[in-house]
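Worksheet for the structure shown next.
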Amino acid sequence: MYLVSSCLVGVNCRYNGSNSENKVIVELVKQGKAIAVCPEQLGGLPTPRRSCEIVIDQNGNKKVLSQDGEDFTKEFVEGAQKTLAIAKIIGCKKAILQSRSPSCGCGLIYDGTFSGKGIQGNGLTAELLLDHGIKVYTEEELDRVEE
């Protein structure tokens, strides 16, 4: 069973109220091989919501901030924890998540300057899942996902 980002199955839950539907991932859900979650909604954030990026402070701590500096770290952490709880309940060993997201990005996230520039790193949900032994892919890596 896969855990997948809701936006990848066509749910309008992205920060701007849109989705990133991916036909392959939609098919996984239709076949009963995946369950969709949105960590940001699970954390209590509305849709649409302000765009956020991870900012790393001088002590190496990650914060999730909007472009105007409002701190949404608490909501992103809560969403990550709820997502992990769901993953444990369904016995999930693999996840396919939205690339570059401050929640779901894996391997590459935006750099915190809201310039569209990417840096190496993981979103809060992806990081938590990885820390608990769940293999995380993005929709850009579907060719690497093993059954």
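The values are calculated or read from the model by the stated rules, or taken from the named source; none is laboratory data. Since the model is a prediction, treat every value here as computed from it, not as a measurement. As a convention, Cβ positions derive from the backbone with ideal geometry for all residues, glycine included, and neighbour counts pool all protein chains shown.
List of remarks:
- Of everything listed in (1) over 15 Å from Thr138 (Cα atoms); (2) in contact with a Gly (Cβ under 8 Å, 6 or more places away or on another chain); (3) of a type outside the set (Asp, Glu); (4) in a loop (DSSP other than H, G, I, E, B), the single unmet condition for Cys92 is (2).
- Index of the failed condition, Glu78 passing every other in (1) at pLDDT 95 or above; (2) within 14 Å of Ser5 (Cα to Cα); (3) not in a strand (DSSP E or B): (2)
- Scope the range 1-21; condition over 27 Å from Asp68 (Cβ atoms) and either among the β-branched types (Val, Ile, Thr) or under 15 Å from the mean Cα position of the chain (by Cα) (or both); matching residues: Tyr2, Leu3, Val4, Leu8, Val9, Gly10, Glu21
- The range 119-137 residues that are in a helix (DSSP H, G or I), paired with ones that are crowded, with 22+ Cβ neighbours inside 10 Å and β-branched (Val, Ile, Thr) (beta carbon under 6 Å, 6 or more apart): Thr125/Thr83; Ala126/Val136; Leu129/Val136; Leu130/Val136
- Selection from the range 12-28 of residues that are under 15 Å from Ala95 (Cα atoms) and buried (at least 18 other Cβ atoms within 10 Å of the Cβ): Asn22, Ile25, Leu28
- Counting only strands (runs of 3 or more DSSP E) that sit completely within the range 11-66, those holding 3 or more residues that are in contact (Cβ under 8 Å) with a residue 12 or more places away in the chain, under 17 Å from Asn122 (Cα atoms) and β-branched (Val, Ile, Thr) correspond to 52-56.
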